[in-house]
1. With respect to the numbered conditions (1) free of Cβ contacts under 8 Å to residues at least 60 places away in the same chain; (2) surrounded by 15 or more Cβ atoms within 10 Å (Cβ to Cβ); (3) within 23 Å of residue 299 (Cβ to Cβ), which one is the sole condition not fulfilled by residue 361?
2. Under 30 Å from residue 10 (Cα atoms) and either modelled with pLDDT under 95 or loosely packed, with under 14 Cβ neighbours inside 10 Å (or both), is that true of residue 266?
3. Checking residue 132 against (1) farther than 30 Å from residue 1 by Cα; (2) surrounded by 13 or more Cβ atoms within 10 Å (Cβ to Cβ): exactly one of these is not met. Which one?
4. Inspect all residues belonging to region 107-127 and state whether any of them is farther than 29 Å from residue 417 by Cβ, touching a residue at least 60 places away in the same chain (Cβ under 8 Å) and within 33 Å of the chain's Cα centre (by Cα).
5. Could you check, for region 334-343, whether at least one of its residues is buried (at least 16 other Cβ atoms within 10 Å of the Cβ), in contact with a helix residue (DSSP H, G or I) (Cβ under 7 Å, 6 or more places away or on another chain) and not assigned by TED's automatic domain parsing to the domain that holds residue 137?
6. Using the structure shown, decide if residue 217 is surrounded by fewer than 16 Cβ atoms within 10 Å (Cβ to Cβ) and either free of Cβ contacts under 8 Å to residues at least 12 places away in the same chain or under 30 Å from residue 158 (Cβ atoms) (or both).
7. Yes or no: region 373-381 includes at least one residue that is part of a helix (DSSP H, G or I), under 30 Å from residue 117 (Cβ atoms), in contact with a helix residue (DSSP H, G or I) (Cβ under 7 Å, 6 or more places away or on another chain) and modelled with pLDDT under 95.
8. How about region 42-157: which helices (runs of 4 or more DSSP H) wholly inside it have at least 3 residues that are at pLDDT 95 or above?
């Protein structure tokens, strides 16, 4: 066997492997030994037909194909040993010649990361200040959520609740068929069709109106994009929103926990501050990680991006399955092919891979470890909310080597991010001093 390492590029080794005639003959003989046991050759019992007869009956190309299937894996492994190459993932193989066998292998190599000055990153979280108008806005939302809808004797206006019977069709097929449907009449509403709310405004009780609407070409529901629909609407009733007064009674209406309006505003303020702090924390983490990645030199084989794209698609498919929607249906709804979706996800995959590799290298530099107690806590958190009768069974199912490895990696990544953000905030963590024994304290 002759092995030529042509080049190393993009974290990939390019090999050309050529088999010697004697190796090909050995492979052909092994292929014959396998095929003769399975082939039905007239005039011979299984396993007894001579090789020449088998070749003539099945065709030499069939033996050659079987031989190549057996030769390539072993030849590839031997080539890696000879060239002292440690593959990071499965190779890409291409047969360039059958007799004698010559094939090319593109071998993914382990990623390499050269960190920048991540310890010199300095930035702090920027927490948005909660202002009076922010609190007022939430209070106003709560008023709308606790509003009453009262019948009024007048034509429909925007922001009314219209009780309607609606019958519609498109291309002679039923579109919307509802009786006594509650419809909130809002400007720019896209439901059930753009322009529908505008047609409803001005209608009076017991009035029936028929009209046509055309869906825009860029309408999200591709099956209706550009099509015309006919609507017949009968108005049964008009209701007007009555907002509750801003007083202590309203606060109690929101929740019995609030004795007065002041207590409600304080809780809203507290909630907004917590949300602002969480948003600031997440934004800060993202900026620090991005800075660390930008400072670093990261190299890896392209196949890693393909793996990450497949992972993202698998996660998306699981989420769609929970909503009762399949991936094919989703792709039709966004008018994309699987290949287009993969390309859309490529930038996300690249960011994820770069961040993951840099954080992994920082974890190594900072000697970040995960304790057994942290792993057990991670497993326990996964069964929160499960009844006691099933919790022990679930704990046993989750406490597997594969799951422990996944939890360990998740915890290590979280600890690494916390360490990196502490460095950026210039926070120095000191080790806890061991508690003194009681006798030592009494001295």
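1. Evaluating residue 361 over (1) free of Cβ contacts under 8 Å to residues at least 60 places away in the same chain; (2) surrounded by 15 or more Cβ atoms within 10 Å (Cβ to Cβ); (3) within 23 Å of residue 299 (Cβ to Cβ) leaves (1) as the failure.
2. Here the answer is no, as residue 266 does not meet what is asked.
3. (2)
4. yes
5. Looking for residues that are buried (at least 16 other Cβ atoms within 10 Å of the Cβ), in contact with a helix residue (DSSP H, G or I) (Cβ under 7 Å, 6 or more places away or on another chain) and not assigned by TED's automatic domain parsing to the domain that holds residue 137, one finds at least one in region 334-343, hence yes.
6. When the stated conditions are applied, residue 217 passes them.
7. yes
8. Those helices (runs of 4 or more DSSP H) span 60-83, 132-145.
The values are calculated or read from the model by the stated rules, or taken from the named source; none is laboratory data. Remember, it's a predicted structure, so these values are computed and weren't measured experimentally. Here the Cβ is made from the backbone with ideal geometry for all residues, glycine too, and neighbour counts use every protein chain on show.
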